[in-house]
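Q: Structure incoming, see below.
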Ligand code: PHE
């Protein structure tokens, strides 16, 4: 098969017969046309144009022909191979174009398609805000205490030096439960949690009590019949007003930033003596009382430089006694502020109701707030 053989009759070299070449060419063209993807075309190329293909074999036989026969046979095989290669190239470019077009379609991303992914929710600012407050106190070594929202009248009032006939009872517009001789109320403040803590634990006590409270208030931009309070209670030996002031100043600075502090104004609460209203440096004008233009009064504090934050005082010895703490040995301070109000300050909210109405768009905006 290899090497020229001059004795050889060209007619006897079967692979070079015109009909053999023709049928090999046809077989190649059929396989090429039948290839529907690049992989199949690769196989067709291997079978019909590769080293072991009929035409490659025929090509190798040319040398075996007598010189006078080589030209014609060479042309025939060359034409056939040229035809097959052309068909291969043509099919290759058709299939490549098809592949490209298919990839473009398959890999298309339709950004307008509806998604089945659930939107990521956000924790409510009241939850994160209450936790932030708790964290500030826990960092100072305090504990967090909680109690029921449906509370005994005695713990909500009497234990806190608010006897049945005490005029200050009317300061807290109370929701009573039926029948009234059950003496059960929706707690009007979180102070009963402090009473519960003193009754169940030994001094020293340092607790903060965040939670929901209820009063028969109108529902408007600054009032709600349900709102949130955080109260704090410290009972130890030698506790004074100075500890109270230092604690609240720390709380204010942690909550609103350095430079924000508190001031006390004399006030009255039955459970504390002396008592004070706590004001906070206005966080908008930072105490100047003026707008940015330096001339008009600040809208948030109405030019005062301070805003009301809550109440506080030294725990009345009568409360200590009612809750089983010896006032001869221990003294304490207590304070209470609205969490909702605090968050309104902190986030610049204009309407208290946005905190309660459950609009997901409101909550989501706080998704990354810590
Ligand atoms: N319990 C008071 C209120 O709800 C707030 C307060 C707490 C005042 C502790 C003084 C001391 O109004």
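Q: Across segment 131-161, what is the total count of residues that are in a helix (DSSP H, G or I) and within 16 Å of the ligand (Cβ to nearest atom)?
A: So the first thing to find is which residues in segment 131-161 are in a helix (DSSP H, G or I), and the list is 131-138, 153-156, 158-160.
From what's left, within 16 Å of the ligand (Cβ to nearest atom): 133, 137, 153-156, 158-160.
So the count comes out to 9.
Q: Taking the residues in segment 198-210 that are part of a helix (DSSP H, G or I) and surrounded by fewer than 19 Cβ atoms within 10 Å (Cβ to Cβ) as candidates, determine which candidate is nearest to the ligand (Cβ to nearest atom). Break it down stepwise before answering.
A: As a first pass, look at segment 198-210 and keep what is part of a helix (DSSP H, G or I): 198-200.
Filter once more, keeping what is surrounded by fewer than 19 Cβ atoms within 10 Å (Cβ to Cβ): 199-200.
Numbers: 199: 17, 200: 19 Å.
Here the residue is 199.
Q: Say whether the condition of being assigned by TED's automatic domain parsing to the domain that holds residue 350, in contact with a helix residue (DSSP H, G or I) (Cβ under 8 Å, 6 or more places away or on another chain) and crowded, with 17+ Cβ neighbours inside 10 Å is met by at least one residue in segment 161-172.
A: Within segment 161-172, one or more residues are assigned by TED's automatic domain parsing to the domain that holds residue 350, in contact with a helix residue (DSSP H, G or I) (Cβ under 8 Å, 6 or more places away or on another chain) and crowded, with 17+ Cβ neighbours inside 10 Å.
Residue by residue, here is whether (1) within 11 Å of the ligand (Cβ to nearest atom); (2) at pLDDT 90 or above holds:
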| position | (1), (2) |
| --- | --- |
| 266 | no, yes |
| 283 | no, no |
| 307 | no, yes |
| 310 | yes, yes |
| 316 | yes, yes |
| 320 | no, yes |
| 333 | yes, yes |
| 338 | yes, yes |
| 349 | no, no |
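Q: If only one of 185, 213 is assigned by TED's automatic domain parsing to the domain that holds residue 342, out of contact with any helix residue (DSSP H, G or I) (no Cβ under 6 Å at 6 or more places or on another chain) and either within 18 Å of residue 148 (Cα to Cα) or away from the ligand (no atom under 13 Å from the Cβ) (or both), which one is it? Even if it seems obvious, please write down each step before you answer.
A: On the way: 185 fails: out of contact with any helix residue (DSSP H, G or I) (no Cβ under 6 Å at 6 or more places or on another chain).
Only one candidate passes the filter, namely 213.
Q: Which one of the conditions (1) within 14 Å of the ligand (Cβ to nearest atom); (2) at positive phi does residue 232 fail to meet, given that it meets all the rest?
A: (2)
Q: Would it be correct to say that residue 300 is away from the ligand (no atom under 14 Å from the Cβ) and buried (at least 18 other Cβ atoms within 10 Å of the Cβ)?
A: no
Q: Residue 173 - would you say it is in contact (Cβ under 8 Å) with a residue 24 or more places away in the chain and either under 30 Å from residue 360 (Cβ atoms) or assigned to a helix (DSSP H, G or I) (or both)? Walk me through how you get there before you give the answer.
A: Numbers: in contact (Cβ under 8 Å) with a residue 24 or more places away in the chain: yes; either under 30 Å from residue 360 (Cβ atoms) or assigned to a helix (DSSP H, G or I) (or both): no.
Taking the combined requirement at face value, the residue does not satisfy it.
The values are calculated or read from the model by the stated rules, or taken from the named source; none is laboratory data. All figures in this text were calculated on a predicted structure; none of them were measured in a lab. Using ideal geometry, Cβ is built from the backbone for each residue, glycine included, and neighbour counts are taken over all protein chains shown.
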